[in-house]
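Here is the structure we will look at.
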Amino acid sequence: MSRPLRLRWSVILASLLLGLAVLAAVWPSLLTAIDPLYANPLESNQPPSAQHLVGTDLQGRDLLARIIYGARHSLIIGLGAVVVSVLAGTVLGLLAGAGPNWLDQLISRAIDILCAFPSILLALVFIAFTGPGVPNLILALGLGGIPSFARVVRSQVQVARTSGYVEQASTYALPRWRIILRHVLPNALGPLPILATLGLGGAIIGSSGMSFLGLGPQPPTAEWGLMLSDSRNYLRVAWWTGVFPGVALTTVVISATVVGRWLQRRYERRF
Amino acid sequence: MTALVSIDNLSVSFTGRHRVDAVKGLSLSVRPGQAVALVGESGSGKSVTARSIVGLTGPDSVVTADRFEVAGRDALSLSERQWRQLRGGAIGFVLQDALTALDPLRTVQQEISEVLRAHKVVPRRQIDQRVQDLLRDVGVDDPEFRAKQYAHQLSGGLRQRALIASGLAGQPDLLVVDEPTTALDVTIQAQILALLRAHRERGTAMLVISHDLAVVSQLADYVIVMNDGLAVEEGPTEEVLTHPAHPYTRDLLSAIPSQASRGRRLSQGRVDLVAAAELAAPVRTDQVDDPRFYSVAADGVTVQPVLQASGVTKFFPLPGGRGRRRAVADVDLSLFPGQKLGIVGESGSGKSTLARVLLGLIAPDQGEVRVAGESWATSDRAAWRRLRRQVQFISQDSIGSFDPRYTVAEIIAEPILGQLDPDQVQDRVRRLLGVVGLPERVLSVSPRLLSGGQAQRVAICRALALRPTVIICDEPVSALDVSIQAQVLDLLNELNSATGTALAFISHDLGVVRHLVDQVIVMNNGFVVEQGDVEAVFDQPRHPYTQSLIQAIPQLPTHRQGEIT
Amino acid sequence: MTSKVVQPAWSYHLDHTWLPAQTELIGVVDDSKTEQRRRGWAIGRLIGFRLAQAVFVLWAAITVTFVAVHLMPGDTVSLLLGENRNDEVLRASTISRWGLDQPIWLQYLIYLRRIPTGDLGTSYTLRKPVGELIGELMGPTFQLAATALVCAIVIGFLLAYATTGRTPLVRPIVNTLELVFLSAPPFWIGIVLLAVFSFRLGWFSVIDYTSWESLVLPVAAIALPMGFYLAQVLRDGIDRALEQPFSLTARTRGLTWAQVRSHHALRHASLPAISLIGLIAGGLLGGAVITETVFARPGLGQIAVSGVQVKDIPLILGIALVTTFAYVVASTVADLVGILLDPRLRAGGKA
């Protein structure tokens, strides 16, 4: 099939939503004029209305403004964690896939061990040792994502190394490094942007999850996980505080998944 | 007698995103005890026709016919339940490639008894016994033991027999066999053909689907030649194969490489020999005294082999550290300039390993390979690079040998990049493409869009780009349809004579080897069992293994060659 | 053919490399009887290898925790004591317990001997041995995890079976639901369930955590996303198997679609599903952290979170080791079941 993949409306919508989230993270005041920290006790726990589109929280802060400003933390920590995972995973995967057998064994076993700690717990332990804070959170979440990237890169390198085109290239008297640079690396790293997009959703969930547990930014910062954590106490009287931050979070994650899947399908069409 | 299958004007279309008309008005009838063959190349619609007979063309298909009777019933109005009674009951179906056609998670016993249960052929208690009887009937020794095994534990021949047994389990009147011997070694193929023949003689009617005219001639008494969804010619097998009336049938027959086709072209079209010689000959006219080929000594001029193996042995470790297996054992060979050497053997004979040792991709454990007198084991990097460029490689899976990110132009240019300036490279690529008969527009195309024949031509272009003295071809035509195979073989043959590039040609297909090469070595279990001139080896094989191989080649009815030109 | 499985966002640490690949068959098949007998040994070796691997990972996990404690900047005793670092009596007993006055290799040996006996040290914030604490809180967490696992498997199989084959109306709905459940953060699913079913409809109270009623929503919060994930993997496996030639062969024998699906395809699909169940089961104890926090249930998760907040290192390490142990056991059992179910693996093709 040589036809380009149809760009479906769902992919366009997802890209737009992702763009919106990025805009909210970079320049939130463009999307709302309300200060997310402005508390008005007279308007405590107001349901959605024309004035407050998705209602207010206990302190009478506008929920929509808080959701818009909350994008920043989730996206920064999520992106940071993915970058950490991709960088570390790629280096480890390349070393394991292209290096000598003992190095492969060493790295592969280390990754097995890393996998054995459930990722939330890994992050918890990491935070327990290093203390909270954005850089530590990024490292803690990034650590859990390393195995999947490292394994994919390793297997891609091995597929490329044993491929017909590498065997063929070695019959032209090309130096080894040229073969690795020209054939192995580009083919092995091709799927990485896709995996990173798919991983972004997970990292954002991880980051809001840590905030939810109280290990991320502290009140009164506007952060989705933190807002959800707060909402538990007033769910009976103010359901909207527990629903809308989650809708925002889920929308961003779904969008990343839809775009990532589309990129993946487009990439797989090449073969 | 009423026909088992009687079809008039059958059409099968697939209505997916693109409409595909797979069969366009075919008529077919099979009478009891008759063996009818549908022959054609890939995409001719023969397999779809076979599947329409059991009502399994798939959910997106539309089947129409003026008349479509199967086992005395009107198939166009059969309910799903009635179809199921036919499938496995009146009609047995044997798919190609038993490794994938048998469920890998189920034993032979479970697979065969599925038919017995579905059609209640025998009472429940007797199922085990019947499975063993069926296996014995298709020539499986020790059926009690084999019945408990899985498909992947059986050798190709046994696997195919088990699949045939499951097709016969419902005591069908008609057995449909789709490519029954494809992917089997020639000796196993002969056994399976004998088995099917024996069942035919016992009265089971057959519909044989095959791309191989020689296989068909062994089995069928009536043949229908299909091309692009249509029957182009039909008639009694002997008649069609010896006096083909339709040009397509004639082309198909004349494209088959064999002893008789030696020395003539298999296909139409011709290579520009002058351009080929100019572009790709390893020795240019101004360097005839190239020391790679001749050594001048006091007692005269001796011709030097371009490729020479002496005592080459290669071991492979067995999985799980259970010792090692000898893949190539003590092989000696010499290939002289311009010569064509065939290396034949069945699967597992070590011929592909030998190819990689000759190429210098893997080092032999014992012995050495010399290219124009210099060993691969040389420590001189510059010399080694010189050798590298003299030996080029064409593999069976040429699509896999192209970097998927490259265009055709980049693929062909890669070996010569950096040796010539960019304009010269482009020019050379373009002219090479002309020599192998590909249009220039493929240059900007990605290799995955090429057809099998085009891909093989691009691979040939790339191999020629460095002006090698030897090209090693590992099964270069075995994945191709016979007419495309013919074109590629003609191309290789003519390039060899135009440029003087020697060929080492590895193949399991004895007909191809017999057609093409001058010298042949026969391999079995890593050993060379026989070698010599191709005529001598094929006409008077001395080693019993060679004799059995040559005996097993299915023969077309003779005396056809003289009549076709 | 490429996988149609969407990776759930909440499981990004799992990856698709665990899907058992088709074992490749290389070279000539030796089908002699002696070869078959030798394969009997091969299964034993494969199982032995897998068990050895499990033991290795456990040892490595213990070692990692040891190294982590000693790599931290500052004084190890203070790190372990946390807020109680100025309590001289505790300090002395900790030093002797961990052997902190010994050379480092001896400390390591002491640690290595101590952990497998269940002696995980003492939580100084809760002033109790960690092993005892975990033992007390293991019950509720295990109850939650086990119930959720069973429900996830039931949901997965039912959903997969209901949606495979030609069901053009159901598919898009299920696909959308799947995308939501695989993308929504697990704690939010919990909050929504809580808002709807507990507060609005008042169906399930979660106040009394010892009652079965209180278990319903937490179990649903875990089992729904996992069930959808499992269903997806199963359905993809069934669809792939139905496209294989052996399914066509089965059809040509006169079997119905339903028979091909249950006799052939389901078995193929359950191989990756079993691996997945192993991974899910292994991750459940750790994953309970979030669910327990949402529903304010006591359990391992809850003390883990409070442990992190007060930097109770011995407690955190203890919980990490217990959940890692659970993970290794679950994934090893799943692999062993896989080996027994797949004759291609049993043949000793690859380890």
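Of the helices (runs of 4 or more DSSP H) contained entirely in segment A:129-207, those carrying at least 2 residues that are facing another protein chain (nearest Cβ under 8 Å) fall at A:134-161, A:164-169, A:185-189.
Checked against the criteria, C:L285 counts as in a helix (DSSP H, G or I), of a type outside the set (G, A, S), open to solvent by less than 20 Å² (accessible area, probe 1.4 Å) and within 14 Å of chain A (Cβ to nearest Cβ). Do the conditions hold for A:I34, that is, is it within 27 Å of A:V237 (Cα to Cα) and surrounded by 15 or more Cβ atoms within 10 Å (Cβ to Cβ)? Against the criterion (within 27 Å of A:V237 (Cα to Cα) and surrounded by 15 or more Cβ atoms within 10 Å (Cβ to Cβ)), A:I34 qualifies.
Among the residues of segment B:98-146, the ones that are at the interface with chain C (Cβ under 9 Å from one of its Cβ atoms), farther than 19 Å from C:L248 by Cβ and assigned to a loop (DSSP other than H, G, I, E, B) come to 1 in all.
Considered as a group, the residues in segment C:243-276 that are among the aliphatic types (A, V, I, L, M), open to solvent by 30 Å² or more (accessible area, probe 1.4 Å) and within 19 Å of C:R171 (Cα to Cα) include one that is modelled with the highest pLDDT, and that residue is C:L266. Residues in segment C:264-282 that are in contact with a helix residue (DSSP H, G or I) (Cβ under 7 Å, 6 or more places away or on another chain) and either at the interface with another protein chain (Cβ under 7 Å from one of its Cβ atoms) or part of a loop (DSSP other than H, G, I, E, B) (or both): C:H264, C:H268. In segment C:172-190, the qualifying residues are those that are under 19 Å from the mean Cα position of the chain (by Cα) and among the aromatic types (F, W, Y), and the one that is surrounded by the fewest Cβ atoms within 10 Å (Cβ to Cβ) is C:F181.
Here's a check for you: in segment A:44-62, which residue that is buried (at least 18 other Cβ atoms within 10 Å of the Cβ) and closer than 12 Å to A:W239 by Cα is farthest from the chain's Cα centre (by Cα)? If you could, list the steps in order and put the result at the bottom.
Residues of segment A:44-62 that are buried (at least 18 other Cβ atoms within 10 Å of the Cβ), as a first pass: A:46, A:52, A:54-57, A:61-62.
Then keep just the ones that are closer than 12 Å to A:W239 by Cα; that gives A:46, A:54-57.
Numbers: A:Q46: 32, A:V54: 26, A:G55: 28, A:T56: 28, A:D57: 27 Å.
In this case the residue turns out to be A:Q46.
Within segment B:370-394, being more than 14 Å from chain A (Cβ to nearest Cβ) and closer than 23 Å to A:R176 by Cα holds for B:R370, B:S375, B:A377, B:S379. For segment B:433-450, the condition holds for at least one residue, the condition being that it is basic (K, R), more than 19 Å from B:A277 (Cβ to Cβ) and assigned to a helix (DSSP H, G or I). Kindly evaluate B:L273 against the criterion of being modelled with pLDDT under 90, of a type outside the set (S, T, N, Q) and in contact with a helix residue (DSSP H, G or I) (Cβ under 6 Å, 6 or more places away or on another chain). Answer is yes for this residue.
Among the residues of segment B:158-187, the ones that are part of a helix (DSSP H, G or I), within 12 Å of chain C (Cβ to nearest Cβ) and surrounded by fewer than 21 Cβ atoms within 10 Å (Cβ to Cβ) come to 1 in all. Go through the residues of segment A:233-240 one by one and say whether even a single one is within 21 Å of A:G19 (Cα to Cα) and touching a Ser or Thr at 6+ places or on another chain (Cβ under 9 Å). No; the residues of segment A:233-240 include none that is within 21 Å of A:G19 (Cα to Cα) and touching a Ser or Thr at 6+ places or on another chain (Cβ under 9 Å). Taken over segment C:139-177, the criterion of being part of a loop (DSSP other than H, G, I, E, B) and among the small types (G, A, S) is satisfied by C:G165 alone. Determine, yes or no, whether B:R51 is at pLDDT 90 or above, within 14 Å of chain C (Cβ to nearest Cβ), open to solvent by 10 Å² or more (accessible area, probe 1.4 Å) and under 20 Å from B:A220 (Cα atoms). When the stated conditions are applied, B:R51 passes them.
Screening A:I77, A:I179, A:I127, A:I113 for residues that are among the aliphatic types (A, V, I, L, M) and without any contact (Cβ under 8 Å) to a residue 12 or more places away in the chain leaves exactly one candidate, A:I113. When restricted to residues that are among the basic types (K, R) and closer than 23 Å to A:L249 by Cβ, segment C:139-183 contains 0. Looking at C:A334, C:A326 in this structure, which one is surrounded by fewer than 24 Cβ atoms within 10 Å (Cβ to Cβ), within 11 Å of chain A (Cβ to nearest Cβ) and either modelled with pLDDT of 85 or more or in contact with a Gly (Cβ under 8 Å, 6 or more places away or on another chain) (or both)? Every option except C:A326 fails the conditions. Does A:L226 count as within 11 Å of chain C (Cβ to nearest Cβ) and aliphatic (A, V, I, L, M)? No; evaluated as a whole, the condition is false for this residue. The set of residues from segment C:116-138 being assigned to a helix (DSSP H, G or I) and modelled with pLDDT of 80 or more comprises C:V130, C:G131, C:E132, C:L133, C:I134, C:G135, C:E136, C:L137, C:M138. Are any residues in segment C:163-213 touching a Lys or Arg at 6+ places or on another chain (Cβ under 8 Å) and at positive phi, and if so, which ones? Of everything in segment C:163-213, just one residue is touching a Lys or Arg at 6+ places or on another chain (Cβ under 8 Å) and at positive phi, namely C:G165.
Restricting segment A:176-194 to residues that are out of contact with any helix residue (DSSP H, G or I) (no Cβ under 6 Å at 6 or more places or on another chain) and among the hydrophobic types (A, V, I, L, M, F, W, C), the residue that is farthest from A:L18 (Cα to Cα) is A:W177. What are the residues in segment C:73-115 that are part of a loop (DSSP other than H, G, I, E, B) and not aliphatic (A, V, I, L, M), if any? Across segment C:73-115, the qualifying residues are C:P73, C:G74, C:D75, C:R85, C:N86, C:D87, C:G99, C:D101, C:Q102, C:P103.
The set of residues from segment B:538-550 being part of a helix (DSSP H, G or I) and within 23 Å of B:Q191 (Cβ to Cβ) comprises B:F538, B:P544, B:Y545, B:T546, B:Q547, B:S548, B:L549, B:I550. Tell me whether segment C:223-239 contains one or more residues that are within 14 Å of chain B (Cβ to nearest Cβ) and either surrounded by 24 or more Cβ atoms within 10 Å (Cβ to Cβ) or polar (S, T, N, Q) (or both). Taking every residue of segment C:223-239 in turn, at least one turns out to be within 14 Å of chain B (Cβ to nearest Cβ) and either surrounded by 24 or more Cβ atoms within 10 Å (Cβ to Cβ) or polar (S, T, N, Q) (or both). Restricting A:G246, A:G225, A:G216, A:G242 to residues that are closer than 25 Å to C:E178 by Cα, of a type in the set (G, A, S) and either modelled with pLDDT under 85 or touching a Cys at 6+ places or on another chain (Cβ under 9 Å) (or both) narrows the list to A:G242. Within segment C:296-305, restricting attention to residues that are surrounded by fewer than 24 Cβ atoms within 10 Å (Cβ to Cβ) and not polar (S, T, N, Q), the residue that is farthest from C:I207 (Cα to Cα) is C:V305.
Cβ-Cβ distances below 6 Å connect the following pairs, each with a first residue in segment C:253-280 that is farther than 18 Å from B:H119 by Cβ and touching a residue at least 24 places away in the same chain (Cβ under 8 Å), a second residue that is part of a helix (DSSP H, G or I) and among the aromatic types (F, W, Y), and a separation of six or more residues or different chains: C:S275/C:W18. If you check A:P191, A:P245, A:P175, A:P217 for being open to solvent by 30 Å² or more (accessible area, probe 1.4 Å) and not charged (D, E, K, R), only one passes: A:P175. Condition check: more than 25 Å from the chain's Cα centre (by Cα) and more than 11 Å from every other protein chain (Cβ to nearest Cβ). Does B:R19 satisfy that? So B:R19 passes the test.
The values are calculated or read from the model by the stated rules, or taken from the named source; none is laboratory data. This is a predicted model, so every value here is computed, not measured. Positions of Cβ are backbone-derived with ideal geometry, glycine not excepted, and every protein chain shown enters the neighbour counts. The area values use the complete protein model at the heavy-atom level, side chains included, leaving out ligands, DNA and RNA. Shrake-Rupley method; radii C 1.70, N 1.55, O 1.52, S 1.80 Å.
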